[in-house]
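Structure first, commentary second.
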Amino acid sequence: METVIAPPATPTAVDLEKQYLLQNYARYPVVLERGKGCYVYDIAGKRYLDLIAGIGVNAMGYSHPRLTKVIREQAGRLLHSSNLYHHPYTGPLAERFSRASGMPRVFFCNSGTESVETALKMAKAHGNNISPEKFELVALDNSFHGRTLGALSVTGQEIYRRDFNPLIPGVHFAQRNDVTALEQVVTERTAGIIFELVQGEGGIHPLTEDYIRKAREIADRNNALLIFDEIQCGVGRTGTYFAYQQMEPPVMPDVMVTAKPMGCGIPIGVVACNERAAARMGPGKHGTTFGGNPLACRVALEFFDILDSMLPHITNVGNYFRMRLTELQKKYSFIKEIRGVGLMIGVELEFSGKQVVLDAIEEGLLINCTHNVTLRMLPPYILTEGDVDRAIKTLNRVFRKTKPPEK
């Protein structure tokens, strides 16, 4: 009897990733194929309500008709031209961003961490212009600013830093919302102070208004640039264009960096600054090959057109979401705290949230866990109260079968 040899199995996408990709991600067991609105679908057709939205990137959800139209049109015109030449969208987007932020100068790059690198160079150049001894940087404990060496140097979480030391020298850290601690590390040698107004990877921790105002005073007193990192909390996420506009009157930074939502999936990073910070960044001092390309800028312009009328919606749905989560907190004692602003929400548990995230995936809900114990939600801005109700029902099912570890 003739032996039939079965053909080798075709490797799956996951198999190929394991064989060829750098193994630096601990991915969840889901292969996503498409999305519509606030929902994504895996290759088997299972639907998930997406409350993490590409870690805060897919601000207008998936397959938004206006964004899809713009991307298609621009793909047939001009994707890239470099910064050797002008194109029709850089100037208008810079003006739009400047008006929204109140900052007179804008630089476009490709990502959040690249925008942080730009801001750190601005601070270094500012300090060096005053004195060669004015090169130090101050950041906050529990912060996260990116994974390149400069951004990592000002990230106040040892878990991200420890394998890459020594990093940039002259960086000091202070405790969040502790004015005395900040005053102790900021000196005449400080070139820049950088912090997130809402710490994202650190567990969704907003800074207090008093602390932010005092930081502005301390920076001015020591002639240091104050840098706001709004990569995760900016461009509409909190219900205002930028988180510093939650305060009245706003506390203005010298430099502000952001990225995630602006391109709605197309990479773009932004640095906005005042004239003092811009003064030392003349021709040849900094650059980027892909930053500010026609596709990214045109998509970002369309994003702003959509966003302008959505800010009240973000505030209202965010308030409703936290209210519904508070109802769950009353039912489950292992929920320690609900935190956040707008549609940037953290649910702190008494134990690791890793299994909760996996259980939520099984139930068709995408969230993630940051700082080990905080369930993080950065949903699309188009989220509705009906979507929130669906999420609460799913979380209730997940929490109902959650067994806290024995103390």
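No value in this document is a laboratory result; all are computed from the given coordinates. This structure is a prediction, so every number in the text was calculated from the model and none was measured. Positions of Cβ are generated from backbone atoms using ideal geometry, with glycine treated the same way; all protein chains shown enter the neighbour counts.
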Label point distance in nm, Phe334-Ser131, each placed 7 Å from Cα along Cα→Cβ:
5.4
Most packed first (mean Cβ within 10 Å per residue), the peptides 33-41, 377-385 order as 377-385, 33-41
Can you order the peptides 276-288, 219-231, 309-321 by their average number of other Cβ atoms within 10 Å per residue, highest first?
219-231, 309-321, 276-288
Estimated translational D of region 68-307 in µm²/s (Stokes, Kirkwood radius over Cα pairs; 10 °C; 1.306 mPa s):
88
Residues Leu182, Leu32, sorted so that the one with the fewest Cβ neighbours within 10 Å comes first
Leu32, Leu182
FRET efficiency (Gln184, Asn372; Cβ distance; R0 22 Å; to 0.05) is 0.15
Which angle between 0 and 90 degrees, to the nearest 10, do you get for helix 90-101 versus the longest principal axis of the chain when only C-alpha atoms count?
80
Picking from Gly342, Gly269, Gly150, which is most flexible by a Gaussian network model of the chain using Cα springs under 10 Å?
Gly150
From the phi angles alone, apply the Karplus equation (6.51, -1.76, 1.60; θ = phi - 60°) to region 333-338 and give each ³J(HN,Hα) in whole Hz, x where the residue is Gly or Pro.
5, 7, 7, 7, 7, 10
So how tilted is helix 209-221 from the main axis of the chain? Cα-based, degrees 0 to 90, rounded to 10.
40
Residues with beta-carbon under 14 Å from that of Leu67, excluding Leu67: net charge, scoring Lys, Arg +1 and Asp, Glu -1?
+2
GNM, the chain, Cα, under 10 Å: largest mean-square fluctuation among Ala125, Ala75, Ala100?
Ala75
FRET efficiency, 1/(1 + (r/R0)^6) with R0 51 Å, evaluated for Thr10 and Gln175 via beta carbons:
0.45
Lys, Arg +1 and Asp, Glu -1 on Cβ, resulting dipole of the chain about Cα centre, debye, nearest 20:
460
Computed E for Asp141/Thr288 - FRET, C-beta separation, R0 25 angstrom, nearest 0.05
0.25
What does the charge count around Leu149 come to, taking other residues whose C-beta lies under 13 Å from its C-beta (Lys +1, Arg +1, Asp -1, Glu -1)?
0
Looking at (1) 196; (2) 162; (3) 177, which value of volume of the Cα convex hull per residue in Å³ comes from a calculation on the structure shown?
(1)
In nanometres, the difference between 0.36 nm per residue of separation and the alpha-carbon distance of Arg161 and Ala75 is 27.1 nm
Counting only residues 5 or more places away or on other chains, whose amide H sits under 5 Å from the amide H of Ser111 once H atoms are built in the peptide plane?
Gly269
Given charges at beta-carbon only (K, R positive; D, E negative), |dipole| of region 219-301 in Debye:
260
